[in-house]
Amino acid sequence: MAKVYLVGTGPGDPTLLTLRGRNLLARADVLVFDRLVPQALLVAVPDTCQCISVGKKGYAGHVTQDEINAILVEQGRRADVRTVVRLKGGDPFVFGRGGEEAAVLARAGVSFEVVPAVTAATAAAAYAGIPVTERGIASQLTLVTGNEDPLKDDAAVSWEMLARDPGTLCLYMSVRRLPQIAERLLAGGMSERMPVAVVERAACGRQRVVCGVLGGIVEQVERERVQAPALVIIGRVVKRAGELSWFEDLPLFGHTVMVTRAKAQAPAFVSALTRRGAEVVCCPVLEMHQVADAVCDEALMHLGSYDWVVLTSARAVGFFFERLFSLGMDARALASVRVATIGTATAAALRAGGVSSDLVPPSYHSRALAEALLDTGLSAGARVLCPRARIASDVLPSVLRAAGVRCDVVTLYETVVPACNAAMETGIAALKEGDVDAVTFTSPSSVRNLVELLDGDTSALTGVDLFSIGPVTTQELQCNGLVASAEAEVHTVPGLVEALERYYGEAGQAHVV
Ligand code: SAH
């Protein structure tokens, strides 16, 4: 029988997930996720994982708690899977009905574990610069649900008692009932001047903090049209919000950026963008598969007959070693051959396989690599092997061949549009709903595949800033009637992140002026 893991993600920021959570996602056979889970975590599961949405409106409709419980029991009883991850926003046991789900599993005899996480209250406070406790100001912290009707006689929350609380109150699920809650707190004797902060979409790139006092907060929340999810913090510590803010100062704060990279390569990019304050939506529009190609195998078995092997991406390096291993060889096959790589990430992947790159050109594109190779004094008739993707640019082989070099191009892998998956589906939906400000493209195939997934209708990209990793990708955008807002100066993922920072930094300054 399987085991069900009730895993908390933390709120908003996908990098708040615990290591335990990440390890479980990496081996999940089944994922059951809801609306408050950071979308970018959907790429953290294996391709084979079955994803079941039990939350997001318009994606799977509304699923009741009884239905969710039944799904968990059914999945937990499966004999053909081992790891069922029930992914929940924040902490599973803090107002997340995780306790009820665990109880149902226990009653059904399904084994389970609970993985705690950062809860919305502490994350909202941290990202809004509000220490929930502070010596001499707040020595206690209360987590309260605002979900039940405070005007009911048998209400479980005693708002009058909380009104006398000298500490900090953190209210979950309370935006809708804030008018009644404020009324009860005031009736219980809490001062009209008590500071209050409402943190909407905490720890997300589009976080908003509305600060005020108890007497006026209801009007402010209505005026600002604050929406769920939001966390209400009441207490003297809220005065700190202005002094200790830091999240809003990050360079990409306020922007929702789409990452179109393949699942395996998305996480490093997601974390670079998140660290700079962006909200990230993942839409893996491509997938790479090894190709068993007889011509390639023949070339690999005679590697010693080449002067150079050229590898133009980290993925190509990975597939190169995999193919060598499957042919019963290893890095020693490169003993007498020199290796050229296109950039530092490719060279690092090669080094991880125990081989140093003999040549990295000063700029990271095919022509520069071909010219750098010729500069090493390659004579006419020299032999170069170029194992790479099925569809790739012809620049490098044609420059080498024009100089009389014998360049063999062989196919190691191919790039395809992935079969439908949860990240892709929710990503495309976010784009169509207008929830994305920027889309990043790291290869021409990422452009082609996204356009294909949009059925050729690029209207969802109107008004969205498009960022390209380099000239070939920019050209592919043009071929599809799209215009790059900015292109990376250095054609790497860190270069692309820099392009976004520069673009929005300048836009931000223009806005201030
Ligand atoms: N288990 C979750 C809470 C689920 S109840 C946790 O530990 O955080 C849902 C409520 O949590 C929302 O109504 C809101 O009050 C709060 N919440 C969840 N994510 C939030 C976010 N990103 N920003 C602000 N509040 C959030």
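The values are calculated or read from the model by the stated rules, or taken from the named source; none is laboratory data. Remember, it's a predicted structure, so these values are computed and weren't measured experimentally. Cβ sites come from the backbone with ideal geometry, for glycine too, and all protein chains shown count toward neighbours. Only protein heavy atoms, including side chains, enter the accessible area calculation; ligands, DNA and RNA are left aside. Shrake-Rupley method; radii C 1.70, N 1.55, O 1.52, S 1.80 Å.
Among the residues of segment 123-153, count how many are more than 9 Å from the ligand (Cβ to nearest atom), open to solvent by 60 Å² or more (accessible area, probe 1.4 Å) and closer than 19 Å to GLY8 by Cβ.
Just the residues of segment 123-153 that are more than 9 Å from the ligand (Cβ to nearest atom), to begin with: 125-126, 128-142, 144, 148-153.
Retained after the next criterion (residues that are open to solvent by 60 Å² or more (accessible area, probe 1.4 Å)): 133, 135-136, 139-141, 151-153.
Right, trim to closer than 19 Å to GLY8 by Cβ and you get 141.
Counting residues in segment 123-153 that are more than 9 Å from the ligand (Cβ to nearest atom), open to solvent by 60 Å² or more (accessible area, probe 1.4 Å) and closer than 19 Å to GLY8 by Cβ gives 1.
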- Spot the failing condition for ALA163; the list is (1) within 11 Å of the ligand (Cβ to nearest atom); (2) surrounded by 18 or more Cβ atoms within 10 Å (Cβ to Cβ), and only one is missed. (1)
- In segment 111-209, which helices (runs of 4 or more DSSP H) lie fully inside it and hold 3 or more residues that are of a type outside the set (A, V, I, L, M, F, W, C)? 178-187
- Message: Which numbered condition in (1) open to solvent by less than 50 Å² (accessible area, probe 1.4 Å); (2) over 27 Å from THR260 (Cα atoms); (3) not β-branched (Val, Ile, Thr) is the only one that GLU371 fails?
- Response: (1)
- Item | So ASP437, is it at pLDDT 95 or above, open to solvent by 20 Å² or more (accessible area, probe 1.4 Å) and either closer than 30 Å to VAL309 by Cβ or touching a Pro at 6+ places or on another chain (Cβ under 9 Å) (or both) | no
- Message: Among the residues of segment 198-213, are any away from the ligand (no atom under 13 Å from the Cβ), modelled with pLDDT of 95 or more and open to solvent by less than 10 Å² (accessible area, probe 1.4 Å)?
- Response: no
- Residues of segment 88-100 being buried (at least 24 other Cβ atoms within 10 Å of the Cβ) and in contact with a Leu (Cβ under 6 Å, 6 or more places away or on another chain), which ones? PRO92
- Subset of segment 336-351, residues part of a loop (DSSP other than H, G, I, E, B) and modelled with pLDDT under 95, comes to SER336, ILE342, GLY343
- Item | Index of the failed condition, GLU414 passing every other in (1) over 30 Å from SER53 (Cβ atoms); (2) of a type in the set (Asp, Glu); (3) open to solvent by less than 60 Å² (accessible area, probe 1.4 Å) | (1)
- Which of the residues spanning segment 1-59 are away from the ligand (no atom under 16 Å from the Cβ), of a type in the set (D, E, K, R) and out of contact with any strand residue (DSSP E or B) (no Cβ under 6 Å at 6 or more places or on another chain)? LYS3, ARG22, ASP47
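Look at LEU185 and say whether it is more than 29 Å from the chain's Cα centre (by Cα), within 14 Å of the ligand (Cβ to nearest atom) and modelled with pLDDT of 95 or more.
Working: more than 29 Å from the chain's Cα centre (by Cα): yes; within 14 Å of the ligand (Cβ to nearest atom): no; modelled with pLDDT of 95 or more: yes.
No, not satisfied.
Can you tell me which residues in segment 98-122 are of a type in the set (Gly, Ala, Ser) and away from the ligand (no atom under 15 Å from the Cβ)?
Correct list: ALA103, ALA106, ALA108, GLY109, SER111.
Kindly indicate whether ALA40 is in contact with a Pro (Cβ under 9 Å, 6 or more places away or on another chain), under 27 Å from MET258 (Cβ atoms) and part of a loop (DSSP other than H, G, I, E, B). Steps first, answer last, please.
Details: in contact with a Pro (Cβ under 9 Å, 6 or more places away or on another chain): yes; under 27 Å from MET258 (Cβ atoms): yes; part of a loop (DSSP other than H, G, I, E, B): no.
It is false that ALA40 is in contact with a Pro (Cβ under 9 Å, 6 or more places away or on another chain), under 27 Å from MET258 (Cβ atoms) and part of a loop (DSSP other than H, G, I, E, B).
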- Task: Kindly indicate whether any position in segment 18-36 is at pLDDT below 95 and charged (D, E, K, R).
- Result: yes
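Give, as residue ranges, the strands (runs of 3 or more DSSP E) completely inside segment 220-326 that count at least 3 residues that are of a type in the set (Ser, Thr, Tyr) and either modelled with pLDDT of 95 or more or within 16 Å of the ligand (Cβ to nearest atom) (or both).
Values: elements: 230-234, 256-259, 279-282, 287-290, 308-311.
Here the list is empty.
Regarding VAL94, is this residue closer than 30 Å to LEU162 by Cβ and either within 16 Å of the ligand (Cβ to nearest atom) or touching a residue at least 40 places away in the same chain (Cβ under 8 Å) (or both)? Walk me through how you get there before you give the answer.
Working: closer than 30 Å to LEU162 by Cβ: yes; either within 16 Å of the ligand (Cβ to nearest atom) or touching a residue at least 40 places away in the same chain (Cβ under 8 Å) (or both): yes.
Judged against the criteria, VAL94 is a match.
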- Can you pull out the residues in segment 1-28 that are open to solvent by 60 Å² or more (accessible area, probe 1.4 Å), under 18 Å from PHE269 (Cα atoms) and touching a residue at least 40 places away in the same chain (Cβ under 8 Å)? THR15
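Mind telling me which of the residues ALA278, ALA370, ALA294, ALA333 ends up being within 32 Å of the chain's Cα centre (by Cα) and aliphatic (A, V, I, L, M)? Let's see the steps before the verdict.
Details: ALA370 fails: within 32 Å of the chain's Cα centre (by Cα); ALA294 fails: within 32 Å of the chain's Cα centre (by Cα); ALA333 fails: within 32 Å of the chain's Cα centre (by Cα).
ALA278 is the lone residue from the list that is within 32 Å of the chain's Cα centre (by Cα) and aliphatic (A, V, I, L, M).
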- Task: Test ALA117 against the criterion of being of a type in the set (A, V, I, L, M, F, W, C), under 19 Å from LEU17 (Cα atoms) and surrounded by 15 or more Cβ atoms within 10 Å (Cβ to Cβ), and give yes or no.
- Result: yes
- Task: Only residues that are under 22 Å from GLY254 (Cα atoms), over 23 Å from the mean Cα position of the chain (by Cα) and of a type in the set (Gly, Ala, Ser): list them for segment 453-511, please.
- Result: ALA507, GLY508, ALA510
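Just checking, does segment 103-113 include any residue being surrounded by fewer than 18 Cβ atoms within 10 Å (Cβ to Cβ), in contact (Cβ under 8 Å) with a residue 24 or more places away in the chain and closer than 23 Å to VAL45 by Cα? It would help to see each step written out before you state the result.
Taking segment 103-113 and keeping what is surrounded by fewer than 18 Cβ atoms within 10 Å (Cβ to Cβ), we get 103, 106-109, 111, 113.
Still in the running and in contact (Cβ under 8 Å) with a residue 24 or more places away in the chain: 108, 111, 113.
From what's left, closer than 23 Å to VAL45 by Cα: 111, 113.
Scanning segment 103-113 turns up at least one residue that is surrounded by fewer than 18 Cβ atoms within 10 Å (Cβ to Cβ), in contact (Cβ under 8 Å) with a residue 24 or more places away in the chain and closer than 23 Å to VAL45 by Cα.
Might you let me know whether segment 471-483 holds any residue that is hydrophobic (A, V, I, L, M, F, W, C) and within 19 Å of VAL281 (Cα to Cα)? Show your work before the answer.
Let us first name the residues in segment 471-483 that are hydrophobic (A, V, I, L, M, F, W, C), namely 472, 477, 479, 482-483.
Pick out the ones that are also within 19 Å of VAL281 (Cα to Cα) and you get none.
No, segment 471-483 has no match at all.
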- Query: Based on what the data block shows, is LEU178 away from the ligand (no atom under 16 Å from the Cβ) and either of a type outside the set (D, E, K, R) or touching a strand residue (DSSP E or B) at 6+ places or on another chain (Cβ under 7 Å) (or both)?
  - Reply: no
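Let's see how each residue does on (1) closer than 18 Å to THR411 by Cα; (2) touching a Lys or Arg at 6+ places or on another chain (Cβ under 7 Å); (3) not small (Gly, Ala, Ser):
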| residue | (1), (2), (3) |
| --- | --- |
| ARG275 | no, no, yes |
| ALA278 | no, no, no |
| VAL309 | yes, no, yes |
| ARG323 | yes, no, yes |
| THR346 | yes, no, yes |
| ALA349 | no, no, no |
| GLY354 | no, no, no |
